[in-house]
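Here, each number is a calculation from the coordinates, and none is a lab measurement. Quick caveat, the model's predicted, so the values are computed rather than measured. Reconstructed Cβ throughout: ideal geometry from the backbone, glycine too, with neighbour counts over all protein chains shown.
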Amino acid sequence: MNKNFIAGEWLDGARISRNINPSDTRDLVGEYAQADAAQTRLAITAAEAAFPAWSLSTPQQRFDILDAVGTEILARRAELGDLLAREEGKTLPEAIGEVARAGNIFKFFAGEALRPGGEALPSVRPGVGVEITREALGVVGIITPWNFPIAIPAWKIAPALAYGNCVVFKPADLVPGSAWALAEILSRSGLPQGVFNLVMGRGSEVGATLLDDPRIAAVTFTGSVATGQKVAAACVARMAKFQLEMGGKNPMIVLDDADLGVAVNCAVQSGFFSTGQRCTASSRLIVTEGIHDRFVAAVIEKMKSLKVDDARKAGTDIGPVVDQSQLGQDQEYLGIAQAEGARLAFGGEAIERNAEGQPGFYLRPALITDTTPEMRINREEVFGPVVSVLRARDYEQALLLANDTPFGLAAGIATTSLKYATHFKRHSQAGMVMVNLPTAGVDYHVPFGGRKGSSYGPREQGRYAAEFYTVVKTSYTMA
Ligand code: NAD
């Protein structure tokens, strides 16, 4: 059984959770200890005790630890990728790519520990100097979702530690395996006892305890809008710093002048790969009149060739949906779309067993056409391999439709026109804009995040992560 890591020790939990392979539900990936509220508080106590020394640790010490963690993750990418694909259901190449990303993130923030920055300015008063420096916050509570079981923990844990914070990490209940493997690497990395703690368990118990404990200085959260709102309310109530990354309903515009091959590739890649379970997935394709029918036909042709199968099998394009409840949600939205008058143009069938007879949560990717902007399929996040198509008269209407959403994470455009590409980059109300590229798939060394209902607070990743994980101090000295 895989235990929680609290105050430098591996501890049994109050309960056990079973991690099931969505590609073959007979396969038990492992059993994981679930912490309760008391153990969560123990972890917070340990982190609080470790903070004074860790916050004053040298940049070299932090660099060495984070760099070594990154090196081990990269060296073990095939093994960790296999575990990730097995527990979450993204294909093996995607899972290995995610693990590599996690390793690179640790290496990036190892470097950031060496260059914290700061400013020295002359004062407006004679003889006085002003320094602006950044300091660690204290204990950071980290709450992550199931769809990126190692990369999202990495892009929160690495900067938190790099800037001198201590961590209490609560991974998603559904996929604790990759998070546990990451914690195991961190447990051997030379971090002083209590600096990093892993508490697996339920959101309503472990997560809620983190939110409410006054010793947690800041909470960084990625997950659904509904939980994000709870995180915000709890943090505001006790004036804790918080950061939220939540859902999306990301548009991709396809203009008449687009290269058809590029447009189809962008749509299929970011709509269906990783089973559509990415916050940056393109779930609304907004297509202008002149290319609409050709584009839809070409997307369907491509969808016919996608192999839906065991995530770890060579040749699989689309793995299973993560669990029964998410599969049910995907199917429910297919029903809602059709009831509201849209057309299921391709796919959408659940496949109970693959060719080898493995029972899994397989769903053939679905394309929904003839939709209108107010339909629920165009307003609410499905979080599965379900993509809708909206017809637009011209670029101007396509832009209005793209921005007509409560979300604002990512947005894309397929066009060969510099004029429209430039205009879209300026006028899209999304945090990340892609031209002739899939909306999903971003670099690890630049800011990540959205606007409107998708995100709250400073950006994650890249140098901009410092905004969340540090607090600024302004010091004045009379010489
Ligand atoms: P979720 O909100 O159900 O859970 C996220 C985390 O919050 C889990 O660890 C969960 O245990 C915890 N949690 C649940 N209830 C809690 C509570 N009351 N208090 C504290 N913690 C609690 O989300 P999910 O289903 O794991 O993930 C899917 C969602 O994540 C989608 O909406 C997706 O768009 C979003 N997501 C967003 C991004 C982004 O960067 N914007 C990235 C990945 C996923």
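Only lysines eight or more places from Lys249 in sequence, or on another chain, were considered; those with a Cα closer than 28 Å are Lys90, Lys156, Lys170, Lys230, Lys241, Lys302, Lys304, Lys307, Lys419, Lys425, Lys452. Loop-resident trypsin sites (Lys or Arg not before Pro) (DSSP state other than H, G, I, E or B) in region 238-303 with no more than 12 further Cβ atoms inside 10 Å of their Cβ: Arg238. For the pair Lys419 and Ile16, label points projected 7 Å from Cα toward Cβ lie 6.7 nm apart. Against the main long axis of the alpha-carbon atoms of the chain, helix 260-272 sits at an angle near 60°.
Spatial offset of region 90-144 relative to region 17-37 amounts to 33 Å, using the alpha carbon center of each. Calculated mean residue ellipticity at 222 nm for the chain: -12000 deg cm²/dmol, from DSSP H runs with n ≥ 4 weighted as -39500 (n - 2.57), summed, divided by the residue count and rounded to 500.
For region 362-411, trypsin sites (Lys or Arg not before Pro) meeting the loop criterion (DSSP other than H, G, I, E, B) and having at most 12 other Cβ atoms within 10 Å: Arg393.
Here the label points at Glu9 and Ala237, each 7 Å from Cα along the C-beta direction, are separated by 3.1 nm in the simple model. Roughly how tilted is helix 77-88, in degrees to the nearest 10 and between 0 and 90, from the longest Cα axis of the chain? Rounded to the nearest ten degrees, it is 60.
Size of region 93-239: Rg and Dmax of its alpha carbons, in Å, are 17.5, 61. In the chain the Cα-Cα distances spread across 20 Å bins starting at 0 as 24, 54, 21, 1, 0 percent of all pairs.
Note: relative contact order over the chain, using C-alpha pairs below 8 Å and six or more positions apart, is 18 percent.
Evaluate the Kirkwood expression for the hydrodynamic radius of region 361-479, namely the inverse of the mean inverse distance over all pairs of different C-alpha atoms, and round to one decimal in Å.
Working: mean 1/r = 0.0592 Å⁻¹.
One over the average 1/r among Cα pairs gives 16.9 Å for region 361-479.
Measuring between their Cα centroids, region 415-479 and region 230-282 lie 14 Å from each other. Relative to the longest principal axis of the C-alpha atoms of the chain, give the angle of the C-alpha long axis of helix 324-339, reported between 0 and 90° and rounded to the nearest 10°. Tilt relative to the chain: about 40 degrees. Scanning the chain for GluC sites (Glu not before Pro) that sit in a DSSP loop and have at most 15 other Cβ atoms within 10 Å, the longest stretch containing none of them is 1-339.
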